[in-house]
Amino acid sequence: MEKLSYEICRNTELIPLFLVCSFFMACIFLLFHYMPAFACRSYTKKDIRNIILITGAYAIVSFWKLGSMAFPTTTWQPSQINQKIVFRLTEETSFDGIYAIYGEGNNNALHDDYQIGFHDIEVKGSFDKEHWEDIAIIDKGSIYQYKIIEGSWDYPYIQLVSKNVLDTISEFGLRKENAFIPLAVEEDIADTDYPATLLIDEQEKLVVSPTYYEQGYFDEVYHPRNAWEIANGQRMYATVHPLLGTNIMALFIRLFGMRPFIWRMPGVIFGILMIPMLYAILKKMFQKTSLCTFGCILLATDFMHLTTSRIGTLEPFSIFFILLMFYFMICYYQTSFYEISLKKQMMMLLACGISMGIAIAVKWTACYSAVGLAILLFTNLGARFLEYRKAKRSDDAEAQRMISIFPSAFITTIAWCFVFFIFIPVIIYWVSYLPDKVWGNEGWSIMNVWKQNMYMYHYHTTLTATHPFQSTWYEWLLDLRPIWYHISKDGQGYSHTIACFSNPLLTWLGLPSVIYTCFACFREKDKTAWIILVGYLTALLPWVSLVERCIFSYHFYPTSMFTVMAVVFLFRDLLQLDRRFKIPMLMTACLSVFLFVIFLPVTAGFATDLSYIHSLEWLAGWYFG
């Protein structure tokens, strides 16, 4: 099936993926066709069906070839300087590849350093165990990524010499052609907690031609490592982001083990949950099923949404809770304490504050969007104040009721907002560090959390590093500069590449949609346009004026959510002008799906060939391998 899919589509996964998605969608259509009509508050049978269809189809794609469930995890580390280990090649003595991959060792016994990595480990060969010839040096490399040295050798004995006590190796292997040859431990030091057998106890988990599927890539050298440290109670590498999202990843690792599939799974789950979350927001703003469905199709087919959900980073957690906090603020924004009970409004603000606290405890970029919450909050209170002033000029009973309600309701709202948006988020943020050992043996304390955050702030404000795929905010608006994560070739000769950028249809249609939304907001005084514009600008403007460090296309991710809303807003107004705009809206959705499908080998790493990859490099700044 994969070969047929490649021959027809230049994508080994497309046909099987299409068949599975088609079967799922057919089942859902049949289920809802024979199901009695119902309505759940503001959600109809069609709403529920469309949410399940879009979310389910996206979930299948998102989990498809996500990562391996087999990964070397037992880690050897030396017990002394210049420790030597000798292996015997039990069957075949010639080999053409040396493989090594490392994880992290026991940091809890250290005070000033970390048990991790290759530090010029010497590989030697011998025929008699007396005379050793240098073969290679295993150095550098990245955590959870294969180090492969190619060559041609023939020795019955192999020696590893570790000169640094901080060395770690999770698995060591010797390859001949397309298989790993059997090894046995010939010599090792006695009475060690880390016997040499740890180096060769998971040979079946080694992969001859590893791709993204079997190893980490890009920022997975940071976040899964931190998550592993938390899951194993290890003293942590100094992280430069808050740790709540990492704790979520650590929970999955603790429950299911340290494997690529597992450390990516929580991000995929939160990416999936964003689709019904966005549907709920669109339903609040637009009410119409067709518009909500259209917006969710745009999100489900956005390249950045898929790529960023499928890598073990913090963005999916952060963006989900940003959407959640905006949902509750929109609920509040659309109400008035003249019309509903103040208690109901306070519950909305409480939920919003908790969501905001969680979002910030995942990543500081949520602070930018938190400014949007404040703007919407005071917009609502400002509208109530203007209504109060107008009521003071009237003598009717309704005006007198509003005059009596306003002072206490206004003061109560402001007072509780200090609790909801300052006190509770601070508590959530501080408590989120409880499972972590960032401070070694010192343990958790309010002062230690403060010191860690001062370190993080200093890191981000003084970082001067550059990157070949960094970009600027104005390049995000037109999709001019993706960030390229990974390329590899599997054992069948297929190429796997991954780049992160938006669906060009979303950005190229999104920018005029945002401009129109801005026009509608200030010219027509449209409240929905105001919500979208506030969310969009508070997510984007800090990258324009405040952040001076190098930045990447994935920093556009929060803004892209409001870009989707702006496109939906544009089509809402077009449909109000003429119902025939439903055809262009349908065509836009279909084109978005089409682009999503043809770019899957670039955004999800599905197997293809280099000629197809290069055929997708439509703009000068697009580089995929």
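Being of a type in the set (A, V, I, L, M, F, W, C), in contact (Cβ under 8 Å) with a residue 24 or more places away in the chain and part of a strand (DSSP E or B), is that true of even one residue in the stretch 468-478? So far as the stretch 468-478 goes, no, none of its residues is of a type in the set (A, V, I, L, M, F, W, C), in contact (Cβ under 8 Å) with a residue 24 or more places away in the chain and part of a strand (DSSP E or B).
Taken over the stretch 384-400, the criterion of being touching a Lys or Arg at 6+ places or on another chain (Cβ under 9 Å) and in contact (Cβ under 8 Å) with a residue 12 or more places away in the chain is satisfied by 391 alone. Taking the residues in the stretch 545-583 that are of a type in the set (A, V, I, L, M) and modelled with pLDDT under 95 as candidates, determine which candidate is nearest to the chain's Cα centre (by Cα). The selected residue is 551. Here 570, 586, 537 are screened, and the one residue that is out of contact with any Leu (no Cβ under 6 Å at 6 or more places or on another chain), of a type outside the set (Asp, Glu) and closer than 30 Å to residue 460 by Cβ is 537.
Residues in the stretch 551-582 that are over 27 Å from residue 521 (Cβ atoms) and either without any contact (Cβ under 8 Å) to a residue 60 or more places away in the chain or buried (at least 23 other Cβ atoms within 10 Å of the Cβ) (or both): 554 only. It is to be established whether one or more residues within the stretch 451-467 are among the aliphatic types (A, V, I, L, M) and part of a helix (DSSP H, G or I). Within the stretch 451-467, one or more residues are among the aliphatic types (A, V, I, L, M) and part of a helix (DSSP H, G or I). Annotation note: Cβ proximity below 7 Å between a residue of the stretch 218-229 that is free of Cβ contacts under 8 Å to residues at least 40 places away in the same chain and a residue that is surrounded by 23 or more Cβ atoms within 10 Å (Cβ to Cβ) and of a type in the set (Ser, Thr, Tyr) (sequence gap 6+ or interchain) occurs for 226/246. Which pairs do you get when a residue that is more than 19 Å from residue 6 (Cα to Cα), found in the stretch 588-605, comes within reach of a residue that is of a type in the set (Gly, Ala, Ser) and not in a helix (DSSP H, G or I), reach meaning Cβ atoms under 9 angstrom, with the pair 6+ apart or on two chains? Going by the 9 Å Cβ cut-off, there are no qualifying pairs.
Every test in (1) buried (at least 16 other Cβ atoms within 10 Å of the Cβ); (2) farther than 22 Å from residue 182 by Cβ is passed by residue 87 save one, and that test is (2). Out of curiosity, is residue 386 among the aliphatic types (A, V, I, L, M) and farther than 21 Å from residue 324 by Cβ? Taking the combined requirement at face value, the residue satisfies it.
For the stretch 500-510, does any single residue satisfy the condition of being at pLDDT below 95 and of a type in the set (Gly, Ala, Ser)?
From the stretch 500-510, those at pLDDT below 95 are none; that's our starting set.
No: the stretch 500-510 contains no residue that is at pLDDT below 95 and of a type in the set (Gly, Ala, Ser).
So for the stretch 11-30 (the condition being in contact with an Asp or Glu (Cβ under 6 Å, 6 or more places away or on another chain) and not basic (Lys, Arg)), does at least one residue qualify? Among the residues of the stretch 11-30, at least one is in contact with an Asp or Glu (Cβ under 6 Å, 6 or more places away or on another chain) and not basic (Lys, Arg), which makes the answer yes.
When restricted to residues that are among the aliphatic types (A, V, I, L, M) and over 21 Å from residue 617 (Cβ atoms), the stretch 438-495 contains 8. Within the stretch 32-82, the set of residues being surrounded by 17 or more Cβ atoms within 10 Å (Cβ to Cβ), of a type in the set (A, V, I, L, M) and not in a helix (DSSP H, G or I) comprises just one member, 66.
Run down 409, 397, 351 and say which single residue is more than 28 Å from residue 320 (Cα to Cα) and buried (at least 17 other Cβ atoms within 10 Å of the Cβ).
Numbers: 397 fails: buried (at least 17 other Cβ atoms within 10 Å of the Cβ); 351 fails: more than 28 Å from residue 320 (Cα to Cα).
Selected residue: 409, the only one of 409, 397, 351 that is more than 28 Å from residue 320 (Cα to Cα) and buried (at least 17 other Cβ atoms within 10 Å of the Cβ).
For the stretch 207-224, a tally of residues being crowded, with 22+ Cβ neighbours inside 10 Å and farther than 19 Å from residue 263 by Cβ returns 0. Hey, residue 461 hits all of (1) more than 23 Å from residue 319 (Cα to Cα); (2) exposed (fewer than 15 other Cβ atoms within 10 Å of the Cβ) but one; which does it fall short on? Looking at each condition in turn, residue 461 falls short on (1).
Output the number of residues of the stretch 305-351 satisfying the condition of being assigned to a helix (DSSP H, G or I), over 29 Å from residue 482 (Cα atoms) and not hydrophobic (A, V, I, L, M, F, W, C). Steps first, please.
Step one: list which residues in the stretch 305-351 are assigned to a helix (DSSP H, G or I), which gives 305-309, 315-333, 342-351.
The next check asks that each one be over 29 Å from residue 482 (Cα atoms); those that pass are 327-333, 342-351.
Retained after the next criterion (residues that are not hydrophobic (A, V, I, L, M, F, W, C)): 327, 332-333, 343-345.
Counting residues in the stretch 305-351 that are assigned to a helix (DSSP H, G or I), over 29 Å from residue 482 (Cα atoms) and not hydrophobic (A, V, I, L, M, F, W, C) gives 6.
The values are calculated or read from the model by the stated rules, or taken from the named source; none is laboratory data. This is a predicted model, so every value here is computed, not measured. For neighbour counting, all protein chains shown are included, and Cβ atoms are generated from backbone atoms with ideal geometry for every residue, glycine included.
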